[in-house]
Amino acid sequence: MLSHKLQENGIRAVRADGNADLLIVQTAVECASRHPITLIGEDTDRLVLLCMHADTTSFPLLFRSEGHQTSKKMRRIWNINWLKKQLGPKICSLLPFVHAITGCDTTSRLFGVGKEAALKKLRSNVELKKEAAGFLKQSSKEEVTCLNGGDYGEGLAVLRYRKFCEKAMRGCSFVQVHTLPPTTAAAQSHSARTYFQC
């Protein structure tokens, strides 16, 4: 095996039996305790995990996108130590919730709810923070209601009806059903997928 040959030649190699993202991040964080390190990749999962697991007192830990020079996509570099200090440990601990509920490698996303908007709402909404923290322990539909502009305790059915009425009253055409918040059953399915992802 390649990892065995690398180790024979004095190169540290680790193998993941399952999903490698967590092992890659844990290895980078552990290496950053001894020297500066840059992790290169395109996977947002790794960026989220780095923010969650990084130690702000370690050597510089950077995450760099591997964008190609011929591509229109610019290379980006994130200073994880700085980013975690700016977001704070509480928000960083809730990033897996934001990432999973707004869509990631293994979960679908809620229509009309992007990562940036969800993160802004999480930072400013105390009730959503409570729901997100609880969500990491147990699945809930309140966070889906809040992310879709509903009031705490309103419930998805009431919010969906309210949004439908608002759109019907101001629109000249049919209400596009896909623009409404999800049904309670759809939110339960989405929340379950997200819960098992986190």
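Below are the figures for this structure:
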item: Selection of trypsin sites (Lys or Arg not before Pro), the stretch 1-70, meeting DSSP coil and at most 13 other Cβ within 10 Å; result: Arg12, Arg15, Arg34
item: 13 Å cut-off, amide nitrogen to a point 7 angstrom out along Lys85 Cα→Cβ, residues in the stretch 40-64; result: 55-61
item: Near-label residues of the stretch 76-96 by backbone N, under 15 Å of a point 7 Å along Cα→Cβ of Gln26; result: none
item: R0 of 25 Å, Cβ-Cβ distance Ile77-His4: FRET efficiency to nearest 0.05; result: 0.15
item: Anisotropy class of the stretch 1-87 from Cα gyration tensor, a/c 1.5 cut; result: oblate
item: Burial ordering of Val48, Val98, fewest other beta-carbon atoms within 10 Å first; result: Val48, Val98
item: Phe59/Ala133 FRET efficiency (R0 25 Å; Cβ-Cβ; nearest 0.05); result: 0.25
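Each value in this text was obtained by applying a stated rule to the coordinates, not by laboratory testing. Only a predicted model underlies this, so the values are computations on that prediction, with no experimental measurement involved. Glycine gets a Cβ as well: all are built from the backbone with ideal geometry, and neighbour counts include every protein chain shown.
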